[in-house]
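J.: Got a structure for you, written out below as structure tokens; questions coming shortly.
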Amino acid sequence: MLDGKGPIFVQIADRIADDIVAGVYPEHGAIPSINDFSVFFRTAPMTVGKAITQLVDQGVLYKKRGIGMFVAEGAPALLRERRAQALRTEFIAPLLREADLIGVDLPTLHQLIDQEASS
């Protein structure tokens, strides 16, 4: 469930964000309680609370006092945009640098990507 890479609260926030992007939790829809997530992730409520706070600070979730936490309007699109930017900076740019370093031109790189995508 959690992969052990990075702080647990960040992994939990990422998993909740994954579910928001996938439509498991729709805009203005409630998410499970901190206690429910704590049981699900088998971690302390304080750790889950820290993950939730991170998502609130990012504008992904909002709180209705006495009711619970909800997905903010536009959160799925916001998360997709952030991930597209991360894809570009963390994967595509290094891939292009590596291809250039080893002498793989763009058409060949496209061909390699197409082959990998179809396998």
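The values are calculated or read from the model by the stated rules, or taken from the named source; none is laboratory data. Bear in mind that the values here come from a model prediction, so they are computed numbers and not experimental data. Neighbour counts are summed over all protein chains in view; Cβ atoms, including those assigned to glycine, are modelled from backbone coordinates with ideal geometry.
J.: Tally time: how many residues in segment 65-109 are exposed (fewer than 12 other Cβ atoms within 10 Å of the Cβ), among the basic types (Lys, Arg) and within 30 Å of Asp19 (Cβ to Cβ)?
T.: 2
J.: Take the conditions part of a loop (DSSP other than H, G, I, E, B) and modelled with pLDDT under 95 and apply them to Gly66. Does it pass? I'd like the intermediate steps shown before the answer.
T.: Values: part of a loop (DSSP other than H, G, I, E, B): yes; modelled with pLDDT under 95: yes.
Considered against the rule, which asks whether it is part of a loop (DSSP other than H, G, I, E, B) and modelled with pLDDT under 95, Gly66 comes out as yes.
J.: Please tell me if Val39 is assigned to a loop (DSSP other than H, G, I, E, B) and either surrounded by 13 or more Cβ atoms within 10 Å (Cβ to Cβ) or not charged (D, E, K, R) (or both).
T.: Details: assigned to a loop (DSSP other than H, G, I, E, B): no; either surrounded by 13 or more Cβ atoms within 10 Å (Cβ to Cβ) or not charged (D, E, K, R) (or both): yes.
Considered against the rule, which asks whether it is assigned to a loop (DSSP other than H, G, I, E, B) and either surrounded by 13 or more Cβ atoms within 10 Å (Cβ to Cβ) or not charged (D, E, K, R) (or both), Val39 comes out as no.
J.: Residue under question is Ile31, and the condition is that it be in contact with a strand residue (DSSP E or B) (Cβ under 7 Å, 6 or more places away or on another chain), outside the structural domain of Glu81 (by TED's automatic domain parsing), farther than 18 Å from Arg82 by Cβ and of a type in the set (Val, Ile, Thr); does it hold? Write out each step before concluding.
T.: Numbers: in contact with a strand residue (DSSP E or B) (Cβ under 7 Å, 6 or more places away or on another chain): yes; outside the structural domain of Glu81 (by TED's automatic domain parsing): yes; farther than 18 Å from Arg82 by Cβ: yes; of a type in the set (Val, Ile, Thr): yes.
It is true that Ile31 is in contact with a strand residue (DSSP E or B) (Cβ under 7 Å, 6 or more places away or on another chain), outside the structural domain of Glu81 (by TED's automatic domain parsing), farther than 18 Å from Arg82 by Cβ and of a type in the set (Val, Ile, Thr).
J.: May I ask you to list the residues in segment 73-119 that are assigned to a loop (DSSP other than H, G, I, E, B), under 23 Å from Asp14 (Cα atoms) and touching a helix residue (DSSP H, G or I) at 6+ places or on another chain (Cβ under 8 Å)? Give the steps one after another, and end with the answer.
T.: Taking segment 73-119 first, the residues assigned to a loop (DSSP other than H, G, I, E, B) are 73-74, 103-105, 119.
Now restrict to residues that are under 23 Å from Asp14 (Cα atoms): 73-74.
Result: no residue meets the conditions.
J.: Another one. Among the small types (Gly, Ala, Ser), under 22 Å from Ile12 (Cβ atoms), over 13 Å from the mean Cα position of the chain (by Cα) and exposed (fewer than 15 other Cβ atoms within 10 Å of the Cβ): does that describe Gly59?
T.: On the way: among the small types (Gly, Ala, Ser): yes; under 22 Å from Ile12 (Cβ atoms): yes; over 13 Å from the mean Cα position of the chain (by Cα): yes; exposed (fewer than 15 other Cβ atoms within 10 Å of the Cβ): yes.
It is true that Gly59 is among the small types (Gly, Ala, Ser), under 22 Å from Ile12 (Cβ atoms), over 13 Å from the mean Cα position of the chain (by Cα) and exposed (fewer than 15 other Cβ atoms within 10 Å of the Cβ).
J.: Could you run through segment 3-36 and say how many residues are more than 13 Å from the chain's Cα centre (by Cα) and either within 21 Å of Gly66 (Cα to Cα) or surrounded by 14 or more Cβ atoms within 10 Å (Cβ to Cβ) (or both)?
T.: 13
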